[in-house]
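Trainee: Okay, here's the structure, questions in a sec.
The values are calculated or read from the model by the stated rules, or taken from the named source; none is laboratory data. The shown structure was predicted, so the numbers you read here are calculated from the model rather than taken from an experiment. Positions of Cβ are generated from backbone atoms using ideal geometry, with glycine treated the same way; all protein chains shown enter the neighbour counts. Accessible surface areas use protein heavy atoms only, side chains included; no ligands, DNA or RNA. Shrake-Rupley method; radii C 1.70, N 1.55, O 1.52, S 1.80 Å.
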Amino acid sequence: MVSSCCLDQLNLLSTDDFRVMNRIPRVMKVSGVISDFGEDQQAMPRKRVIIVSNQLPLRAWRDSVSNEWCFEFDENDLLALLRDAFPPDTEVRYVGTLKADVDTADQEEVAQVLHDKFSCETIFLPVDMRNEFYHGFCKHYLWPLFHYMMPMTGNDGGRFDRSQWMAYVSANRIFADKVLEVTDRDDEDEDHVWVHDYHLMALPTFLRRRSNRVKLGFFLHSPFPSSDMYKTLPVRDEILRALLNCDLIGFHTFDYARHFLSSCRRILGLHSESNRGHIALEYYGRTVTIKILPAGIHMGQLESMMSEESTLRMAKELKHNYEGKIMMVGVDDLDLFKGIPQKFSAMGELLETNQELRGKVVLVQITNPARSLGRDVQQLLDEANSIAKEVNNKYGEPGYQPIVFLKGPVTTQEKLAYYAVAEFCVVTPVRDGMNLVPYKYTVCRQGCPALDKALGVDENSPPKNSVIIVSEFIGCSPSLSGAIRVNPWNIDEMANAMYRAIDLSETEKHLRHEKHYKYISSHDVAYWARSFDQDLVRACRDHYHKRYWRVGLGLAFRLVALEPNFRKLLGDTLNSAYKITSSRLILLDYDGTMMPPTSVNKGPSHEVISVLNRLCDDPKNIVFIVSGRDRDTLSKWFSSCEKLGIAAEHGYFTRWTRDSAWETYRSLDLSWKEVVEPIMQLYMEATDGSCIENKESAVVWHHQDADPDFGLFQAKELHDHLENVLANEPVVVKRGQHIVEVKPQGLSKGIVAENLISSMRSKGKSPDFLLCIGDDRSDEDMFESIARSSANPTLPAIAEIFACTVGQKPSMAKYYVDDIVEVIGLLRGIPEATVQPN
């Protein structure tokens, strides 16, 4: 049996594979509710994939004659195809609601039969909750916003409604409860939970709260809007934090992922990194991986349906009916964003400017039924009908209509027949998620033996061809490199694209078709599903190497992942060691440790001064502020701390007390500053909100107040620029939190710690207690230096070492505190010096 991690499993399913592996029953009737189904299912496999979506990928209806409930998997639903996408030894279970209203009295029995016979766990939401959750918050608020429609007063349900949001949260909690019921087994670690689409973006929080190590993936099938659009959402933080409780988050295109990452950066201050081709966010010690991969189609199923008698018959009829005509086909849902009126207008413009095409070109537009109700849908239909009527009246003639408008439902077989016969496919939504219509069209144009025979295609026929006109605003566009891309808002451009497509040579059409078919056939639904699953396994590989802490209430909940030996520094632990030691060294960073970095007044508070003086009053203590700031600023701020030591500019200047002289690290040539300052000045002038800090030993460019994206871009450019210019100078160029700094080589806070410990030992006061607290990358140098020193057997051991970082994050420190308030509280709780009696 092939291992689930083998790349071979990304191979395609052939038509034969489909016929053998197909586990989707065509139709099941439930007499009353339950009837016999056939053979018992196989025993539960060890690995299980749980697909969670708002609606189960089923069709459900009552038979008009017998009143029996009937169920079948929906072959047009992408999620239904996932049953065949995983290895045969993988159990696929579904969690969601039904697309039908089931009487309360029948719900329990319906749920049982769907559990037993369809591997579906059914959720029945109260009617009021379902309306506010789905038709309210999802369809009338989130869906338009994610498709770049701002909520405006007067739109049907367009404004944010707190009660709808609460219904959304409540429904997501119910979904999470059902998932937990499914995963409640002894080997639940083998369960992979895959949540789908914007209806369930809050679910990860409820699931993660009760299961630390569940392998949890999320895939968004709609666009993710730009950060400027997303920021208008009143619950923007809650949704982002909920999604970040996943291990893996998937998007169809890089654009959608980029917008999500930008929102995380601008709203939550999180930065992404790329490691060996994988984009990831660090979130409270956990790595959240970002997956970019467009979905695919089920090749085997499509080829099987093309061979059905009904498909072959309709394809043959269509070819006869449209003999001598140039057919274009479009298949879209009936909603605001599919661009149907624009498409019809472009067809009219094509015929207006190209008289020779009148009577020849036909656009067949098939629409699927609307998924939600509202005036907007009716207005769209009225507009589309009006334009189609106008074009047909103006350019039509007996036996010829330029626009054939087929309003669904239209069977899948009939759609496949149109795909097979049409020379061109026009898919031009103004905004859409993935849209698999061009993929299906391409495969149907490739055909199969039975379809070729029905259409009279043989070895003497011209090579297979197809041409796709596609909107640049949909998810499939980047993967269709041979398509003619258009801006659907530009009617003239779309009309010109239609003409250009018609004018292509047969060779060009064939080459474009071949290019598309090669990609589509190698990136099918099995490839998509197994690739996502493999990345989910990879994203979860550290689950058992870390300890987890649950932090936060409600949707602010997050799971904090810590190294096994990384723990919170408690006052009792610190004070116990403090009391039994007599030569103590206390090293404290300033910005971000003693003072919030966002504070406008950067100077120390009275409380900080008081705490420091109390520590310095103990003769057994040596206390140092170790900072990157310049010595004049630090001298001024801490002038009231007589016994406080200061290491300024990362240790370039050091003094042991207020009245002692400053010691310099070493005499340095600082002529390089003449090169650095003019370059930084150029970047400061070009980057609004940035500034330069000129220290005696270093120069720092700050971009904390600049636009986050532009600031990062400029920081990278400046860093690379300076590294090239200063390649032969004895300096280092470092990027930090909102800074680019140039400073002498060998200068770091780690050197400060080493020098202070060495100096105390040389004076016969070798420290037996060391407390070091910091918050950023420069402080990691101190933690690393301390760890290296304590591990060196040739040096005197320090009995009690407390290296502590601020915030729960990966660190060389062994301890952490949550924030600055805890730092001050920890220092305030240290016992005062006791006065020894004479």
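Trainee: Taking strands (runs of 3 or more DSSP E) that fall entirely within region 552-666, which contain at least 3 residues that are more than 29 Å from LEU281 (Cα to Cα) and either open to solvent by 10 Å² or more (accessible area, probe 1.4 Å) or touching a strand residue (DSSP E or B) at 6+ places or on another chain (Cβ under 9 Å) (or both)? Show your work before the answer.
Mentor: Details: elements: 558-562, 584-588, 621-626, 645-648, 653-655.
Answer list for region 552-666: 584-588, 621-626, 645-648, 653-655.
Trainee: Now a separate question. Look through region 49-65, keep the residues that are open to solvent by 20 Å² or more (accessible area, probe 1.4 Å) and assigned to a loop (DSSP other than H, G, I, E, B), and return whichever of them is nearest to ASN435 (Cα to Cα).
Mentor: Within region 49-65, the match that is nearest to ASN435 (Cα to Cα) is ASP63.
Trainee: Let me ask something additional. Assess whether MET149 counts as being part of a helix (DSSP H, G or I) and either open to solvent by 20 Å² or more (accessible area, probe 1.4 Å) or over 30 Å from GLN379 (Cβ atoms) (or both).
Mentor: Here the answer is no, as MET149 does not meet what is asked.
Trainee: Here's another thing I want to ask about it. Which residue pairs have Cβ atoms under 6 Å apart, sit 6 or more places apart or on different chains, and have a first residue in region 71-93 that is touching a residue at least 12 places away in the same chain (Cβ under 8 Å) and a second that is of a type in the set (Asp, Glu) and surrounded by fewer than 21 Cβ atoms within 10 Å (Cβ to Cβ)?
Mentor: Every condition considered, the pairs that remain are ALA80/ASP74.
The rows are residues; the columns are (1) of a type in the set (D, E, K, R); (2) touching a Phe, Trp or Tyr at 6+ places or on another chain (Cβ under 7 Å); (3) more than 28 Å from VAL752 (Cβ to Cβ).
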{"position": "ALA661", "(1), (2), (3)": "no, no, no"}
{"position": "LYS673", "(1), (2), (3)": "yes, no, no"}
{"position": "ALA686", "(1), (2), (3)": "no, no, yes"}
{"position": "ALA698", "(1), (2), (3)": "no, no, no"}
{"position": "ASP705", "(1), (2), (3)": "yes, no, yes"}
{"position": "HIS721", "(1), (2), (3)": "no, no, yes"}
{"position": "ASN724", "(1), (2), (3)": "no, no, yes"}
{"position": "GLU729", "(1), (2), (3)": "yes, yes, no"}
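Trainee: Tell me which of these VAL195 doesn't satisfy, since it passes every other one: (1) in the same structural domain as TRP69 (by the TED database); (2) assigned to a helix (DSSP H, G or I); (3) modelled with pLDDT of 95 or more.
Mentor: Result: VAL195 fails condition (2) only.
Trainee: Any residue in region 101-126 that's assigned by the TED database to the domain that holds ARG59 and modelled with pLDDT under 95: show its pairings with residues that are surrounded by fewer than 17 Cβ atoms within 10 Å (Cβ to Cβ) and part of a helix (DSSP H, G or I) at Cβ separation under 7 Å, as long as the two are six or more apart or on different chains.
Mentor: Qualifying pairs under 7 Å: none.
Trainee: Right, next: Given the conditions (1) closer than 29 Å to GLY736 by Cβ; (2) over 36 Å from the mean Cα position of the chain (by Cα); (3) among the hydroxyl-bearing types (Ser, Thr, Tyr), report the number of the one that SER762 does not fulfil.
Mentor: (1)
Trainee: What are the residues in region 276-293 that are open to solvent by less than 40 Å² (accessible area, probe 1.4 Å) and at positive phi, if any?
Mentor: The one that is open to solvent by less than 40 Å² (accessible area, probe 1.4 Å) and at positive phi: GLY285.
Trainee: Considering only residues of region 770-797 that are under 38 Å from the mean Cα position of the chain (by Cα) and aliphatic (A, V, I, L, M), which is surrounded by the fewest Cβ atoms within 10 Å (Cβ to Cβ)?
Mentor: Restricting to residues being under 38 Å from the mean Cα position of the chain (by Cα) and aliphatic (A, V, I, L, M), the top hit is ALA787.
Trainee: How many residues are in contact with a helix residue (DSSP H, G or I) (Cβ under 6 Å, 6 or more places away or on another chain), crowded, with 21+ Cβ neighbours inside 10 Å and not in a strand (DSSP E or B) if we restrict to region 66-85?
Mentor: Of the residues in region 66-85, 4 are in contact with a helix residue (DSSP H, G or I) (Cβ under 6 Å, 6 or more places away or on another chain), crowded, with 21+ Cβ neighbours inside 10 Å and not in a strand (DSSP E or B).
Trainee: Filtering region 701-718 down to residues that are open to solvent by 30 Å² or more (accessible area, probe 1.4 Å) and in contact with a strand residue (DSSP E or B) (Cβ under 9 Å, 6 or more places away or on another chain), which residue is nearest to LYS749 (Cα to Cα)?
Mentor: HIS702
Trainee: Could you list, ordered by first residue, the pairs with Cβ atoms under 8 Å in which the first is in region 749-764 and closer than 24 Å to ASP630 by Cα and the second is open to solvent by 50 Å² or more (accessible area, probe 1.4 Å), at least 6 apart or interchain?
Mentor: Pairs found: GLY750/GLU784; ILE751/TYR665.
Trainee: Let me ask something else about it. Just give me the residues in region 671-700 being polar (S, T, N, Q), in a loop (DSSP other than H, G, I, E, B) and open to solvent by 50 Å² or more (accessible area, probe 1.4 Å), in sequence order.
Mentor: Correct list: SER671 only.
Trainee: Yes or no: SER222 in contact with an Asp or Glu (Cβ under 7 Å, 6 or more places away or on another chain), over 19 Å from GLY554 (Cβ atoms) and in a helix (DSSP H, G or I)?
Mentor: Judged against the criteria, SER222 is not a match.
Trainee: Would region 779-794 turn up any residue that is among the hydroxyl-bearing types (Ser, Thr, Tyr) and in contact (Cβ under 8 Å) with a residue 40 or more places away in the chain?
Mentor: Taking every residue of region 779-794 in turn, none turns out to be among the hydroxyl-bearing types (Ser, Thr, Tyr) and in contact (Cβ under 8 Å) with a residue 40 or more places away in the chain.
Trainee: Next question, about the same structure. How many residues are within 30 Å of LEU302 (Cα to Cα) and touching a helix residue (DSSP H, G or I) at 6+ places or on another chain (Cβ under 9 Å) when one looks only at region 534-556? Steps first, answer last, please.
Mentor: Looking only at region 534-556, we keep the residues that are within 30 Å of LEU302 (Cα to Cα), and these are 534-537.
Going one step further and asking which of them are touching a helix residue (DSSP H, G or I) at 6+ places or on another chain (Cβ under 9 Å), we end up with 534.
Total meeting the criteria: 1.
Trainee: Going residue by residue through region 730-737, is there one that turns out to be assigned by the TED database to the domain that holds ASP819, in contact (Cβ under 8 Å) with a residue 24 or more places away in the chain, crowded, with 16+ Cβ neighbours inside 10 Å and touching a strand residue (DSSP E or B) at 6+ places or on another chain (Cβ under 7 Å)?
Mentor: Checked against the condition, which is being assigned by the TED database to the domain that holds ASP819, in contact (Cβ under 8 Å) with a residue 24 or more places away in the chain, crowded, with 16+ Cβ neighbours inside 10 Å and touching a strand residue (DSSP E or B) at 6+ places or on another chain (Cβ under 7 Å), region 730-737 yields no hits at all.
Trainee: In region 477-522, what residues are over 21 Å from GLU303 (Cα atoms) and outside any helix (DSSP H, G or I)? Write out each step before concluding.
Mentor: Kept after step one, since they are over 21 Å from GLU303 (Cα atoms), are these residues of region 477-522: 477-479, 481-509, 511.
Passing the criteria: SER481, GLY482, ALA483, ILE484, ARG485, VAL486, ASN487, PRO488, TRP489, ASN490, LEU504, SER505.
Trainee: Can you name the residue in region 357-375 that is modelled with pLDDT of 95 or more and out of contact with any Lys or Arg (no Cβ under 9 Å at 6 or more places or on another chain) and is also nearest to ALA100 (Cα to Cα) among such residues?
Mentor: VAL364
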